[in-house]
Amino acid sequence: MRKKLMAAALAGTACHAPLYAQNLEATASGATTATGIEEIVVTAQKREQNLQDVPIAISALSPAFLEKRQITSVADLSGLAPNLKVDTAGGNRTSSIIAIRGGVQGNPQIYFEPSVGMYMDGVYIAKAQGSLFDVADIERIEVLRGPQGTLYGRNAIAGALNIVTRKPTGEFGGKIEASYGNFDYRRLRGSVDLPRLGIFSAKLSGQIAKRDGFYRVTGNAFTDEAQTLDSQSGMVQLRAEPFDALTLDYVFDISVNDQQASAAQAVSGTGSLAPYVEPRKRLREVSFNSPNFEYAKNWGHALTAALDLGDIGMLKSITALRKQTYRDTLDLDGTPISMGVSSRDSDYKQFSQELQLTGQTGDLNYVIGAYYFDDDGFVLNPQSFFSGLSNTDSRFGFTTKAYAAYAQVDYKITDALTLTGGLRYTHEKKTVERYLARLTAAGRVVVVDLPEGVTPPAKFEKMSPTATLAYEFNPNLNVYARYAQGYRSGGFNATASSTIDVQRIFKPQVQDTYELGLKSRLLDNKLQLNIAAFQNDVSDLQLSVFVPGISASSILVNAGKARVRGLEIEAVARPSDALTVQAGIGYLDSKYLQYLDGGIDVADNRAFPHAPKYTVSTNVDWRVLQGDFGKLNLIVDLNFMSSYYVSPSPLVPTLPTQTPASKTQSPGRTTLDTRLVLSEMPIGSTTGTLSLWGRNLLNEDNPNFFIDYGASFQRLITAYFPDPRTYGVTLGLKF
């Protein structure tokens with residue numbers, strides 16, 4: 001029925017095609033056309049295209065949008081695209097839980113794979129742990145919704161995020177800005193382009209940010225605050241152009257976060273925990289008795305070579321090495337008693353090599369590529385529970401080797417009708433090692449001992465197809481029908497507490513998506529309206545389930561099958577040069593078709609996690625005044641997200657040990673951010689910018705994340721909360 005309604009809507013719009021304006025040529029990324037709305041060039045399909053011409057559901061945040069809102073991290077994106085949800089993972093401020101269209105990996109442990117692929121300048125950021133780092137000078141961010149398996153590969157089953165940085169220009173110039181806000185927030189950010197020297201151009205960028213904690217901590221010998229900010233990031237970019245046909249781009253980036261982690265608040269508990277249970281609202285003062293910190297260091301090298309082969313096309317090579325060091329100690333229970341403390345000390349590295357050939361011959365556009373990926377990591381994870389009565393020595397390691405080949409072609413059957421087909425073959429192999437011992441007064445009791453090479457590797461092969469039929473009624477109205485398949489890699493539960501559970505392989509999750517879409521320009525391009533309706537059919541659904549035991553951890557299980565239907569509407573209006581309004585609406589209908597628990601199908605009695613039914617966003621940019629003093633703009637961003645579950649718990653418990661899903665359900669949130677920006681202020685021979693800003697001005701304090709530790713941990717449930725209201729001032733200078 002939904003497909004029929006969508007088809008009727010598309011047909012109805014098509015009947016009015018003559019009302020639309022004439023063709024508008026794509027301009028440079030983020031440039032503004034004579035008729036108003038800026039045209040954004042994206043590389044979602046590995047080649048440059050106008051955003052409105054790409055037959056997939058994609059949102060692109062332009063340079064102007066990012067700059068005016070001071071967006072420097074994926075953490076700032078939640079709510080800025082329909083059906084996009086971005087949260088930090090419990091106490092870990094640098095680890096992400098990203099959901100697109102209800103597709104999510106709810107556990108950011110480093111041995112699990114994400115559902116949303118994250119890329120920076122074409123380089124895959126493979127793990128959710130440590131992925132929320134700052135990038136000082138971003139050109140644009142692309143949010144691709146739906147499976148991107150053909151061009152992006154494994155673990156882009158729900159979609160992909162493309163971060164594109166500004167490249168060296170070869171002309172001297174730059175910017176620097178300083179910010180100050182409440183909680184003693186300080187940030188210094190800048191970038192500088194160096195003059196071209198022979199064949200070389202270079203650019204430097206970076207930022208430093210510090211802030212006091214959002215929480216005061218009492219009765220703790222290790223710290224008096226929680227959820228502080230102490231981060232540094234930098235990037236060195238070097239471009240060489242030995243001759244007209246060849247461009248070499250080398251990038252080194254680094255980010256370091258060394259800060260007090262978020263505070264857990266116990267919102268449910270029995271026995272000795274009962275006196276410390278707090279309401280489900282963010283507190284200003286908390287009390288816990290253990291260390292609570294995190295340290296994340298990410299750095300990487302990338303070399304991109306692009307060779308113009310003339311009529312053959314563009315040959316591109318992307319070679320990258322990335323490393324991560326991550327350490328944390330978390331007070332799991334958030335109370336003055338030592339119910340649970342967990343530490344991690346991990347080292348991780350990844351290497352990737354991709355070759356791409358893109359080109360055009362006649363009515364055919366093509367992308368052909370090959371990809372290699374190799375990673376390995378090792379984690380020390382000691383844990384202590386029940387005031388030291390239960391201590392464990394937990395260690396695990398893993399490796400991955402993956403190979404892929406892919407091709408995608410667009411063929412213009414007629415001037416108006418284009419058929420796209422693509423296929424990707426992926427082969428991967430994973431290994432695991434695991435050691436777990438209980439530490440007792442009598443000595444060490446080994447529970448699991450699986451050295452490297454003992455457990456046979458897990459091997460997976462997958463073909464990921466895509467097909468799209470797009471029709472252009474006129475240059476301002478396009479409709480498309482798309483089919484795409486993606487998958488999330490299978491593997492081992494490296495932190496499981498038994499040999500059997502460690503060696504039991506969970507299968508890849510596969511998703512088939514069917515999508516109908518419309519993209520239009522109206523009213524002489526003063527209005528753009530995009531609509532997408534979709535259905536996701538998911539098999540071997542992977543869900544994260546907390547398993548209390550010798551070593552408390554979450555494992556992945558293949559729960560069964562699911563179906564997600566949804567609708568996305570995006571509109572941009574620019575009724576005058578002074579006013580731009582953007583709005584987005586996302587709707588999800590998420591349902592299990594099969595959920596096997598102990599061989600029994602309980603699909604009707606399980607919560608679907610991280611899939612809010614509604615997301616709504618409104619973004620206003622209004623130029624209030626303009627004169628010799630500069631331009632004064634008012635920026636208003638209002639975002640709404642309806643309630644959502646955090647874990648796949650029973651809706652109605654059938655066993656006394658179970659927790660009802662309502663206990664770990666977030667009420668959702670409404671956030672209001674504003675910014676008053678005075679730009680292009682004359683300052684000598686250059687210009688400056690002065691901004692007054694406020695975030696979460698409504699002081700939304702509903703929890704956004706829960707952890708349910710179960711009946712064996714005195715029914716402990718902890719909650720984590722979004723940032724409180726913050727405000728401040730930023731002064732910038734361009735030169």
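Among the criteria (1) within 23 Å of the chain's Cα centre (by Cα); (2) buried (at least 21 other Cβ atoms within 10 Å of the Cβ), the one residue 335 does not fulfil is (1). Being among the small types (Gly, Ala, Ser) and modelled with pLDDT of 95 or more, is that true of even one residue in the range 544-558? No: the range 544-558 contains no residue that is among the small types (Gly, Ala, Ser) and modelled with pLDDT of 95 or more. Going by the structure shown, is residue 263 surrounded by fewer than 18 Cβ atoms within 10 Å (Cβ to Cβ), more than 21 Å from the chain's Cα centre (by Cα) and not in a strand (DSSP E or B)? No; evaluated as a whole, the condition is false for this residue.
Selection over the range 135-193 of residues that are of a type outside the set (A, V, I, L, M, F, W, C), farther than 18 Å from residue 70 by Cα and part of a strand (DSSP E or B) gives a count of 4.
Looking at the structure I just gave you, is residue 397 buried (at least 19 other Cβ atoms within 10 Å of the Cβ), among the small types (Gly, Ala, Ser), in contact (Cβ under 8 Å) with a residue 24 or more places away in the chain and not in a strand (DSSP E or B)? Break it down stepwise before answering.
Details: buried (at least 19 other Cβ atoms within 10 Å of the Cβ): yes; among the small types (Gly, Ala, Ser): yes; in contact (Cβ under 8 Å) with a residue 24 or more places away in the chain: yes; not in a strand (DSSP E or B): no.
It is false that residue 397 is buried (at least 19 other Cβ atoms within 10 Å of the Cβ), among the small types (Gly, Ala, Ser), in contact (Cβ under 8 Å) with a residue 24 or more places away in the chain and not in a strand (DSSP E or B).
Look at the range 327-338: where a residue is under 14 Å from residue 92 (Cα atoms) and a partner is of a type in the set (D, E, K, R) and surrounded by fewer than 18 Cβ atoms within 10 Å (Cβ to Cβ), sitting 6+ places away or on another chain with Cβ atoms under 7 Å, you get 327/345. Screening residue 276 against (1) touching a residue at least 60 places away in the same chain (Cβ under 8 Å); (2) touching a Ser or Thr at 6+ places or on another chain (Cβ under 6 Å); (3) under 23 Å from residue 133 (Cβ atoms) leaves a single unmet condition, (3). Here is the figure for the range 206-265: residues that are of a type in the set (Phe, Trp, Tyr) and closer than 18 Å to residue 189 by Cα total 1.
Among the residues of the range 450-509 satisfying the criterion of being among the small types (Gly, Ala, Ser) and in a strand (DSSP E or B), which is surrounded by the fewest Cβ atoms within 10 Å (Cβ to Cβ)? Walk me through it before giving the result.
If we filter the range 450-509 for residues that are among the small types (Gly, Ala, Ser), which is where we start, we get 453, 458, 464, 467, 470, 481, 484, 486, 489-491, 494, 496-498.
When the remaining residues are screened for being in a strand (DSSP E or B), the result is 458, 464, 467, 470, 481, 484, 486, 491.
Numbers: 458: 20, 464: 26, 467: 16, 470: 22, 481: 18, 484: 26, 486: 31, 491: 23.
The qualifying residue surrounded by the fewest Cβ atoms within 10 Å (Cβ to Cβ) is 467.
Just checking, how many residues over the range 73-113 are in contact with a Ser or Thr (Cβ under 8 Å, 6 or more places away or on another chain), part of a loop (DSSP other than H, G, I, E, B) and in contact (Cβ under 8 Å) with a residue 60 or more places away in the chain? Explain how you work it out, then say what you get.
So the first thing to find is which residues in the range 73-113 are in contact with a Ser or Thr (Cβ under 8 Å, 6 or more places away or on another chain), and the list is 74-75, 79-100, 102-113.
Adding the requirement that they be part of a loop (DSSP other than H, G, I, E, B) leaves 79-83, 90-91, 102, 104-113.
Filter once more, keeping what is in contact (Cβ under 8 Å) with a residue 60 or more places away in the chain: 79-83, 90-91, 102, 104-107, 109-113.
Selection size over the range 73-113: 17.
From the list 436, 423, the one residue that fits, being closer than 22 Å to residue 379 by Cα and in a strand (DSSP E or B), is 436.
Output yes when any residue across the range 290-309 is within 30 Å of residue 47 (Cα to Cα) and either in contact with a Pro (Cβ under 7 Å, 6 or more places away or on another chain) or of a type in the set (Phe, Trp, Tyr) (or both), and no when none is. First the steps, then the outcome.
Kept after step one, since they are within 30 Å of residue 47 (Cα to Cα), are these residues of the range 290-309: 298-309.
If we keep only those that are either in contact with a Pro (Cβ under 7 Å, 6 or more places away or on another chain) or of a type in the set (Phe, Trp, Tyr) (or both) too, we end up with 299.
Yes: the range 290-309 contains one or more residues that are within 30 Å of residue 47 (Cα to Cα) and either in contact with a Pro (Cβ under 7 Å, 6 or more places away or on another chain) or of a type in the set (Phe, Trp, Tyr) (or both).
Determine whether the range 143-151 contains at least one residue that is out of contact with any Phe, Trp or Tyr (no Cβ under 9 Å at 6 or more places or on another chain), surrounded by 21 or more Cβ atoms within 10 Å (Cβ to Cβ), within 25 Å of residue 97 (Cα to Cα) and not hydroxyl-bearing (Ser, Thr, Tyr).
Yes.
Taken as a whole, the range 383-390 holds no residue that is in contact with an Asp or Glu (Cβ under 8 Å, 6 or more places away or on another chain) and either farther than 30 Å from residue 418 by Cα or modelled with pLDDT of 95 or more (or both). Condition check: surrounded by fewer than 18 Cβ atoms within 10 Å (Cβ to Cβ) and on the phi > 0 side of the Ramachandran plot. Does residue 181 satisfy that? So residue 181 does not fit the description; no.
Could you count how many residues in the range 188-201 are touching a residue at least 24 places away in the same chain (Cβ under 8 Å) and touching a Gly at 6+ places or on another chain (Cβ under 9 Å)? If you could, list the steps in order and put the result at the bottom.
Initially, the range 188-201 is screened for residues touching a residue at least 24 places away in the same chain (Cβ under 8 Å), giving 189-191, 193-196, 199-201.
Still in the running and touching a Gly at 6+ places or on another chain (Cβ under 9 Å): 189-191, 193-196, 200-201.
Matching residues across the range 188-201 total 9.
Checking each residue in the range 618-674 for being without any contact (Cβ under 8 Å) to a residue 60 or more places away in the chain and of a type in the set (Gly, Ala, Ser) picks out 627, 630, 642, 643, 649, 661, 662, 666, 668.
Of the numbered criteria (1) out of contact with any helix residue (DSSP H, G or I) (no Cβ under 6 Å at 6 or more places or on another chain); (2) buried (at least 17 other Cβ atoms within 10 Å of the Cβ), the one residue 197 fails is (2).
Being of a type in the set (D, E, K, R) and within 23 Å of residue 610 (Cα to Cα) is the filter; apply it to the range 137-177 and report the residue that is modelled with the lowest pLDDT. First the steps, then the outcome.
Pass one, the range 137-177, residues of a type in the set (D, E, K, R): 137, 139-140, 142, 145, 154, 166-167, 171, 175, 177.
Filter once more, keeping what is within 23 Å of residue 610 (Cα to Cα): 142, 145, 154.
Numbers: 142: 97, 145: 98, 154: 92.
Looking at residues that are of a type in the set (D, E, K, R) and within 23 Å of residue 610 (Cα to Cα), I get 154.
Put simply, of 603, 607 the only residue that is over 21 Å from the mean Cα position of the chain (by Cα), under 23 Å from residue 704 (Cβ atoms) and at pLDDT 95 or above is 607.
The values are calculated or read from the model by the stated rules, or taken from the named source; none is laboratory data. No experiment lies behind these values; they were computed from the predicted model shown. With ideal geometry, Cβ positions are generated from the backbone for all residues, glycine too; neighbour counts draw on all protein chains shown.
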